[in-house]
Every structure is written in structure tokens, then in C-alpha cells.
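One structure below.
The values are calculated or read from the model by the stated rules, or taken from the named source; none is laboratory data. Here the structure is a predicted model, which means the values were calculated and not measured. Quick reminder, even Gly has a Cβ in these numbers, built from the backbone with ideal geometry, and neighbours come from all protein chains shown. For accessibility, only protein heavy atoms count, side chains too; no ligands or nucleic acids. Shrake-Rupley method; radii C 1.70, N 1.55, O 1.52, S 1.80 Å.
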Amino acid sequence: MFVLREGEVTFTVGDEERVARAGDIVVVPPDTPHAFVNTGGTPLEMVAIHVSPRFATEWLDQSS
């Protein structure tokens, strides 16, 4: 779960893109590939909440 406090961010969740802004909450289902990019003109402030007791990260290539 991601809580947007300031700014604008574009999330890729699976095959879907979502734009979120301050005050929005984005929920990513378990085992779903996801990424995000600051697409606003200001710094992004976001809180990430992980409910799993184990946190494993595989960084996705967002260069294309």
C-alpha cells in the first residue's frame, strides 16, 4: 500500500498505469509486479506500507 502525501506519481501495477496525487492511496495486490515514477513537477512524498513479515525486492527495468 502506498499513501501519497505530496506530489504526483505514475504507478505501473501489473499491465495497468495509474496516476496518483497527494491524498490518494494505491494498493498493489501480493505478488504483482509494480513500479513508480515521479511524474509531477515537485518532490514526491510517499509512505510505503508492507504488511508481509518478509520484504523481497526485485527491481524492474524502467529505462524504456
Output for region 1-14, where each listed residue is assigned to a strand (DSSP E or B) and either at pLDDT below 95 or open to solvent by less than 60 Å² (accessible area, probe 1.4 Å) (or both): Phe2, Val3, Leu4, Glu8, Val9, Thr10, Phe11, Thr12, Val13
Of all residues in region 11-34, count the ones that are farther than 15 Å from Ser52 by Cα and out of contact with any strand residue (DSSP E or B) (no Cβ under 7 Å at 6 or more places or on another chain). 4
Of (1) at pLDDT 90 or above; (2) over 10 Å from the mean Cα position of the chain (by Cα); (3) open to solvent by 90 Å² or more (accessible area, probe 1.4 Å), Asp61 satisfies all except one. Which? (1)
Taking only region 35-64 into account, find how many residues are touching an Asp or Glu at 6+ places or on another chain (Cβ under 6 Å) and closer than 15 Å to Ile25 by Cα. 1
Give me the residue from region 23-48 that is of a type in the set (A, V, I, L, M), over 9 Å from the mean Cα position of the chain (by Cα) and in a strand (DSSP E or B) and, out of that set, nearest to Thr12 (Cα to Cα). Ile25
Screening Thr57, Thr42, Thr10 for residues that are polar (S, T, N, Q) and touching a Phe, Trp or Tyr at 6+ places or on another chain (Cβ under 8 Å) leaves only Thr10
Which one of these does Phe55 not meet: (1) surrounded by 10 or more Cβ atoms within 10 Å (Cβ to Cβ); (2) in a loop (DSSP other than H, G, I, E, B); (3) among the hydrophobic types (A, V, I, L, M, F, W, C)? (1)
Residues of region 15-28 that turn out to be open to solvent by less than 70 Å² (accessible area, probe 1.4 Å) and of a type outside the set (Val, Ile, Thr), as a count: 4
